[in-house]
Every structure is written in C-alpha cells, then in structure tokens.
Amino acid sequence: MAGPIRQDQTLAVLYDLALTIGGEVAVAPLLTRTLQRLLYHTGFSVGIFLSDIAGEEGGQVEAKIEAVVGDFSLIRRQGGRLRLPAALVRAQAELEEAPDLIAALPLRKQQRVILRVPVGELGVILLLAPQSPATGLPLAAILAPIAANLEKALALCRNYESTYEEIVQHYAESQLVQQLYGDIFNSTRDGILITDHHQRIIDVNASFSRVTGYAREEVLGKTPRVLASGRHDALFYADMWRSIREKGYWKGEIWNQRKNGDHYPELLSIGVLRDGGGDIIHYFGVLTDISSLNEVQGRLERLAHYDFLTDLPNRFFFGDSVEQAIARARRVGRWVAVACFDIDHFHKINETHGRAFGDKLTVAFAQRLNEALAAGEAAGRLSSEHFAVILPDLAHWEAAEPRLIQLLSLFGAPFTVDGQEILISTSAGVTLFPADDSDTDTLLRHAQIALHQTKDENRGGLRFFDAAQDRRARERRVLLARVKQALAAGELRLFYQPKVRLSSGEIIGFEALLRWFDPDRGMIPPGEFLPVIETSPLIIDIGDWVMREALHQAAQWRESGLETKVSVNIAALHLQQPDFVDHVRAALADTPGTPAGSLDIEILESVAMQNLDHVRAVIDACRAFGVLFALDDFGTGYSSLAYLKRLPVDILKIDQSFVRDMLNDDSDLAVVEGVISLAHVFRRQVIAEGVETAEQGAQLIRLGCDTAQGYGIARPMPGEAVLEWARRFKPDPSWTV
C-alpha cells in the first residue's frame with residue numbers, strides 16, 4: 001500500500017489511474033484493477049463498485065455489487081444485490097465518518113470512514129477505511145476526472161462486450177430472423193466486418209465505414225490487410241493468429257490506418273464461425289475507435305510529467321534526469337551539480353501586481369532559464385517560484401560555481417510583463433554529487449536547504465549545501481575577488497628566471513613567473529592562488545597582462561643593451577579562447593618596436609591535448625608572426641610520438657622532477673635521455689628545467705641538452721635586477737668546452 005496521496009504526487013497518481021482504465025477492454029478486470037489502484041494510492045482498506053442503483057423506498061435503495069476488493073465477506077456476494085441506505089450510495093462525492101451507514105454493508109471487518117466517488121449514471125465507488133487518511137487534500141475532487149474517464153470506459157467496454165456476444169450468437173444461429181441480425185449489425189456504434197474462410201471481406205456495417213473512411217463497396221472482396229498501419233511486426237500478427245487458431249478468438253489493442261492515411265488505435269476482437277464439421281466458414285471482427293480515450297491519456301501523461309504553466313519538467317520528471325545523471329557519474333567518475341533557483345520576494349510581486357502578472361513573470365523566467373541551458377543540462381519547476389537545474393558530467397566540483405553564477409546573471413536584466421518592466425533578484429542553492437552521495441529526493445532537498453540559507457544570509461547569491469564545500473567555495477570567491485583587486489592595484493608582479501646555454505654561458509631568454517605581493521601578507525606563494533584563477537575567466541585578463549608586461553620589460557632591457565626574449569605561461573582557458581591569436585597580436589602591438597621572435601609561449605602537455613586541432617591552428621597562426629611555442633613539463637603527460645608529430649611546438653621543456661633526481665634514479669635518467677632523443681629526432685629545441693647543481697648541468701651536456709634553467713643558474717628575480725645579474729653571470733667551469 002502506497003499510503004495517502006501527497007500533493008506533489010497528484011498528477012502522477014491521476015496518470016497511473018488513467019493508464020489503468022485505458023488498459024482494459026472488459027468490464028470485470030476494468031473495475032477490479034481500478035479499485036486496486038485506488039486503494040493503493042489512497043490508503044483505504046476496502047473498495048466497492050455498486051451499479052444498477054434503483055427502487056428507492058423508505059430511504060432504502062437496491063444496488064448490484066459489481067466489484068469488490070479488500071473484503072472476503074463482500075466478495076462472496078459479488079454479483080448479487082443489496083438493500084442499502086440511500087444516503088450511503090446516493091450522496092454527493094465526499095469524505096466523511098459514517099460508521100452507522102457503513103454498518104449496512106455485510107463486511108467482515110467494520111469500517112468508519114467512507115469516500116464516495118460517483119461514476120455518472122452507471123454507479124458509485126465506495127472506498128472504506130477504519131480511520132481518515134492522513135491527507136488534507138480534497139480526494140473527492142481530485143478523483144472526479146478519473147470517475148468521468150471510468151464512466152466512458154465502462155460504456156465502451158459494455159457496448160463492446162454486448163456487441164461481440166450478439167454477433168457470435170446471431171451468426172452462429174443462422175436460423176434467426178434476418179431482421180434481428182440487421183438491427184444488431186447496423187445499429188451498433190462499433191465497426192463490424194465479416195470475411196469468408198479465405199479472409200476476404202463479405203460485409204461491413206455503417207460504423208465500420210465511419211471509423212475507417214472506407215465505403216462498403218471499397219472493401220468488399222479485399223482482406224483486412226487494407227487497414228494495416230505498418231506499426232506492428234510479423235511477430236505481433238503471428239501471435240494474433242495463433243490465438244485465433246487455438247482459442248477461436250483474439251482480443252486486444254491495435255493500430256490501424258484509415259483511408260486518408262491517418263493512424264488510429266482501436267480495440268479489436270476477432271472470432272470465428274464454424275460449420276457442423278468444425279471447419280471455419282467465417283471470420284468476424286468487432287472494432288472500437290479509442291482515439292479520444294488515448295488523447296485524454298496523452299494529455300494526462302503530459303500533465304504527469306510537465307508543469308502546466310511553464311512546460312518545464314515537473315519534480316517527478318526532473319528527478320528522472322537527476323537519477324540518470326547520477327548513474328552516469330558513478331560509472332565514469334564525474335561530478336553532478338543539482339541546484340535550486342528562487343525568485344526573491346515572489347509573494348510580494350503577486351501581492352503588488354496580482355497572480356496573473358506573477359504567472360506571466362514565472363513563464364518568462366522559465367523561458368529565459370531554459371533557453372540558456374547547454375547540451376546535457378536540464379531545468380525543472382519544483383513549485384510556484386522554485387526552479388531546479390542539473391549540471392551533469394562535470395570534471396571537478398569547481399566547474400559548477402562559474403556556470404551557476406553565469407545562469408544567475410541571466411536574471412539581472414529586466415523582464416517585461418504586460419508592457420511593464422520589472423527587475424528581480426534570484427537566489428540559488430546547490431549540492432554536489434558524489435560529495436553528497438544521496439538519492440534524488442534528498443539531493444533536491446539539500447539544494448533547497450542551501451537555497452534557503454542563501455536567502456537568509458545573502459539574497460541574490462549562491463550557497464553550497466555541504467558545509468566544507470560551501471566554505472571552500474566562499475574562500476574561492478573571496479580569493480578570486482582579491483586577485484582581481486590585486487591586478488587593478490598593481491600588486492601582481494613578474495619575476496624572471498634566465499635560460500642559458502650551459503657550454504657558453506649565453507643568455508637565450510627569460511621565463512616570466514607571476515608573483516603576488518599583498519600589502520599585508522607580503523609575497524603570496526603562487527601555489528596558493530594560481531590553481532584557483534586558472535579555472536576562472538580572470539585568468540584571461542591576467543594572461544593578457546602578463547604578455548604585455550613581459551614584452552614591456554624586454555623592451556626596457558633592449559634599450560639598456562640586453563637583447564633577449566621572454567616566455568610566458570598560458571593557461572588552458574586562455575588558450576582555448578577563439579580569439580586568442582588576436583590577444584597575442586594586441587600584446588605585441590602594444591609594445592612598439594618589438595622585433596619578431598621576442599615572445600615565446602609555454603603551454604602544458606595536458607592543455608595542448610584538450611583540443612588538439614584548435615591548439616595546432618593557434619600555434620601555426622602565431623608562428624606566422626614570429627611567436628614560438630614551448631611544451632612545458634614534458635614527460636609528465638602524454639609525451640608520445642603520435643602527439644609530438646601532430647603538435648608543431650618548437651621547444652620541449654624537460655620537467656624539473658626528472659632533472660632533479662636523474663643522477664640518483666635510473667628511471668628519471670632514462671626519461672631525460674628519452675626526451676632529449678625525441679627532441680633531436682623531431683628537430684625541436686630542448687630545455688631542461690630544475691638544474692640545481694653543477695653536476696646536473698654537466699650530465700645534461702653529456703646527454704646532448706645544452707640549454708637549461710633552474711636555481712643552480714639563477715633564482716627568479718625582479719626585472720630591475722636582471723641587467724646586473726646578466727653582467728655578472730658566468731657558467732660553471734665544468735660546463736664549458
């Protein structure tokens with residue numbers, strides 16, 4: 001037993017009952033299944049369908065017990081008639097405590113509460129329970145459309161059964177008066193066709209022509225295959241004819257095709273007539289067009305899955321999307337964000353402008369949200385002003401926040417409703433799977449808890465449900481804001497680490513390294529802020545600033561007599577921008593007199609492989625105006641011949657982790673040798689990072705790598721210190737040849 005209906009289950013319950021009613025073609029199973037589903041959904045104990053109610057006298061009526069579920073004593077009297085108080089069966093649809101009235105029913109166990117659901121003129125459903133269900137919903141009103149649907153289905157089934165029985169009887173008894181046959185054949189609302197034993201049509205009635213569009217003369221001599229829609233395969237028809245051969249009949253739902261080409265659903269019953277020797281002499285079919293019933297079911301199905309006002313998925317259907325996203329995330333090890341959005345002070349908008357205005361604003365809000373969703377993302381409406389969004393397939397949890405902030409920003413622009421402009425604020429709460437490894441309902445509840453916390457503390461903002469994640473997200477937002485402020489205030493600086501030719505001491509360039517000098521904390525380690533800004537759009541502004549600043553510094557050195565080049569590190573988000581090449585051109589143009597070849601760009605292997613075709617195009621475009629590319633930390637990522645062949649970088653940089661231990665670790669030495677060999681084979685320049693001792697430099701020279709950088713050569717230094725260092729630098733004697 002499912003228990004009493006909750007408000008958020010109403011449409012789903014109606015949909016289930018509609019499917020139950022539409023799925024039966026005979027009266028008995030239709031009533032029994034309907035009562036079973038009603039008891040399941042409402043929590044009542046006993047269900048009864050009374051029909052043929054008549055003969056009121058002295059406040060009493062007679063009624064036929066047509067179907068019973070839940071009481072064995074009454075089931076034994078099914079099909080019989082009872083004399084009952086009229087107030088029990090003829091009162092309006094309502095829920096009430098009426099133990100005295102219920103006592104008139106010969107029940108095995110007495111009940112106290114009754115819910116009446118009248119079914120038009122055909123009868124009444126009585127649902128009984130020992131106590132009132134724990135729901136405040138108007139059950140009688142909720143079930144009224146189901147009762148109306150049941151009335152139509154009962155009429156169809158009864159007409160269908162009676163027509164079928166009459167055809168069997170009157171065709172089998174050929175001695176019956178032909179006038180009686182004609183009355184039945186031509187007056188029924190169901191279509192009838194009769195064939196000979198070769199399945200050639202020999203007669204149809206007027207209802208057949210009305211349903212199919214074929215006149216009688218158009219189908220005589222043809223087989224029923226003229227109606228085939230093509231929707232059913234050979235196995236369907238094989239099963240149908242097997243039933244006809246073995247049982248003498250077949251009943252079911254089938255899709256056929258009208259003369260105009262339209263497909264329609266029908267209830268079809270096929271039977272056979274045999275001669276005295278048992279041979280088949282005729283087939284006959286009785287068909288009922290159920291298009292209108294299916295249309296009602298379709299509308300109910302739509303209501304069961306989509307919000308009637310915004311046409312967004314409702315809570316149930318949206319929950320299916322969440323479950324699918326979680327199942328995929330479990331398989332592939334990804335993150336899923338489930339977020340709830342809320343229109344702040346929505347009740348005040350309704351009070352000020354009216355509910356109709358609020359409905360139109362809700363529709364506009366939903367449209368703006370839905371149109372902004374990317375592939376794979378989904379939105380739903382949970383309640384009047386609550387919406388939900390799912391962000392599936394996230395590589396890491398940090399990816400959720402910028403996307404949600406982007407969605408929140410959509411609602412900063414005014415809405416126009418009934419010619420009136422209105423500004424709103426929107427709050428959001430989010431929870432993240434698998435950190436929040438809960439079921440769908442719990443994830444939505446957690447997102448709503450986070451939303452309410454946002455509204456309590458910071459309307460118009462975003463909050464994470466998990467306390468630790470929320471703290472990290474807040475810290476990340478604070479840090480991003482602080483770095484942005486630092487960029488504007490001139491707190492960011494570049495330090496430069498030289499790259500030299502070991503054997504001659506020639507300075508071939510400087511790598512620009514970002515440093516942050518906070519007025520209060522002093523220099524902040526790069527590892528504390530760089531990983532955060534690399535996934536934020538702020539990295540684009542910082543990357544552009546780094547290119548310009550490094551080129552300006554190189555120009556100053558050039559004026560002082562040091563002719564050299566600078567290299568800058570570019571993050572993945574920056575490099576993947578469609579207009580990145582224009583950013584590089586702009587940085588070069590901002591430094592007049594900069595000679596070609598003054599700038600190198602360093603990228604990580606992992607960055608290059610994210611979108612290889614785009615990166616190749618960027619490298620080719622930049623090389624055309626003298627900018628070379630270096631593959632940084634080579635050896636830690638892909639490092640394959642295939643990738644190196646496809647990626648037209650000019651320089652390979654051996655990661656410092658291999659250089660540092662190559663004198664003591666044979667595997668690191670092998671990696672260093674391998675990278676140097678690859679560089680020579682592919683005619684790439686090679687630079688070793690992390691040279692800290694003279695012995696490491698000497699080993700690199702022996703292996704064929706003559707260019708390096710590291711603390712053994714010089715630590716990163718401010719731009720103003722470079723000239724003095726350059727004048728005083730001398731390579732280690734063991735390096736010179």
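Each value in this text was obtained by applying a stated rule to the coordinates, not by laboratory testing. The structure displayed is predicted, hence computed values, not measured ones. So basically every Cβ, Gly included, is an ideal-geometry build from the backbone, and we count neighbours across all protein chains shown.
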>> Give the separation of the Cα centroids, the stretch 668-737 to the stretch 336-402, in Å.
In response: 56
> Taking the alpha carbon gyration tensor of the stretch 476-544, what are the square roots of 5 times its eigenvalues, largest first, to the nearest whole Å?
Replying inline: 28, 13, 10
>> To the nearest 20 Debye, how big is the dipole of the stretch 521-647 about its Cα centre, given +1 on the beta carbon of each Lys and Arg and -1 on that of each Asp and Glu?
In response: 260
> About its Cα centre, what dipole magnitude does the stretch 523-585 give when the only charges are +1 on Lys and Arg Cβ and -1 on Asp and Glu Cβ, stated in debye to the nearest 20?
Replying inline: 180
> If each Cα of the stretch 489-728 is one equal point scatterer, what is log10 of I(q)/I(0) from the Debye formula at q = 0.11, 0.16, 0.17 Å⁻¹?
Replying inline: -0.57, -1.26, -1.42
>> Calculate log10 I(q)/I(0) of the stretch 234-391 for q = 0.13, 0.17 Å⁻¹, where I(q) comes from the Debye formula with a single equal point scatterer on each Cα and nothing for solvent.
In response: -0.80, -1.01
>> Averaging the inverse of every distinct alpha carbon separation and then flipping it gives the Kirkwood radius. What is it for the stretch 312-465, in angstrom units?
In response: 15.6
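Tally Lys/Arg at +1 and Asp/Glu at -1 over every other residue whose Cβ is under 13 Å from the Cβ of Arg77; what's the total?
+3
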> Can you give the helix-only mean residue ellipticity at 222 nm for the chain, where every DSSP H stretch with n ≥ 4 adds -39500 (n - 2.57) and the sum goes over all residues, rounded to the nearest 500 deg cm²/dmol?
Replying inline: -13500 deg cm²/dmol
>> Could you tell me the relative contact order of the stretch 185-260? Use alpha-carbon pairs under 8 Å, at least six residues apart, and round to a whole percent.
In response: 26
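Percent relative contact order of the chain, based on C-alpha pairs within less than 8 angstrom and at least six residues apart?
Answer for the chain is 6 percent.
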> Taking the alpha-carbon set of the stretch 7-152, what are its Rg and Dmax in Å?
Replying inline: 14.2, 44
> If you average over every viewing direction, what projected area does the convex hull of the Cα atoms of the stretch 333-399 give, in nm²?
Replying inline: 5.0
> For the chain, with only Lys/Arg (+1) and Asp/Glu (-1) charged at the beta-carbon, what is the dipole magnitude about the Cα centre, in debye rounded to 20?
Replying inline: 620
> Along the charge dipole of the chain, which of Gln576, Ala86, Met523 sits closest to the positive end, that is, farthest toward it, with unit charges on the beta carbon of Lys, Arg, Asp and Glu (+1, +1, -1, -1)?
Replying inline: Ala86
> Taking the stretch 561-687 on its own, what percent of its Cα-Cα pair distances exceed 20 Å?
Replying inline: 46
>> Checking the cross-link filter: which aspartates and glutamates have an alpha carbon closer than 17 Å to that of Lys64, excluding same-chain neighbours under 8 positions apart?
In response: Asp52, Glu56, Glu121, Glu151
>> From the P(r) of the stretch 375-485, could you give the percentage of C-alpha pairs in the tail past 20 Å?
In response: 43
> With a Cα-only, solvent-free Debye model of the stretch 694-737, what are the log10 I(q)/I(0) values at q = 0.18, 0.32 Å⁻¹?
Replying inline: -0.59, -1.20
> Tilt of helix 538-559 relative to the longest C-alpha principal axis of the chain, in degrees (0 to 90, nearest 10)?
Replying inline: 20
> Separation between the Glu217 and Glu695 pseudo-spin-labels, each 7 Å from Cα along Cα→Cβ, expressed in nm?
Replying inline: 11.1
> How would you rank Leu669, Leu126, going from fewest to most other Cβ atoms within 10 Å of each one's own Cβ?
Replying inline: Leu669, Leu126
>> Please enumerate, by chain and number, the lysines with C-alpha under 17 Å from the C-alpha of Lys348, excluding those fewer than 8 residues away in the same chain.
In response: Lys360, Lys455
>> Could you list Leu404, Leu220, Leu451 so that the one with the fewest beta carbons within 10 Å of its beta carbon is first and the one with the most is last?
In response: Leu220, Leu404, Leu451
>> Over all directions, the average projected area of the alpha-carbon convex hull for the stretch 640-737 comes to how many nm²?
In response: 7.2
> Considering every pair of different Cα atoms, what Kirkwood radius, in Å, is found for the chain?
Replying inline: 33.7
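Any idea what the alpha-carbon Rg over 2.2 N^0.38 Å comes to for the stretch 189-295?
So the Cα radius of gyration is 1.04 times the expected 2.2 N^0.38 Å.
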>> If the reach is capped at under 20 angstrom between alpha carbons, list the aspartates and glutamates near Lys259, excluding any in the same chain fewer than eight residues apart.
In response: Asp190, Asp203, Glu217, Glu218, Asp289
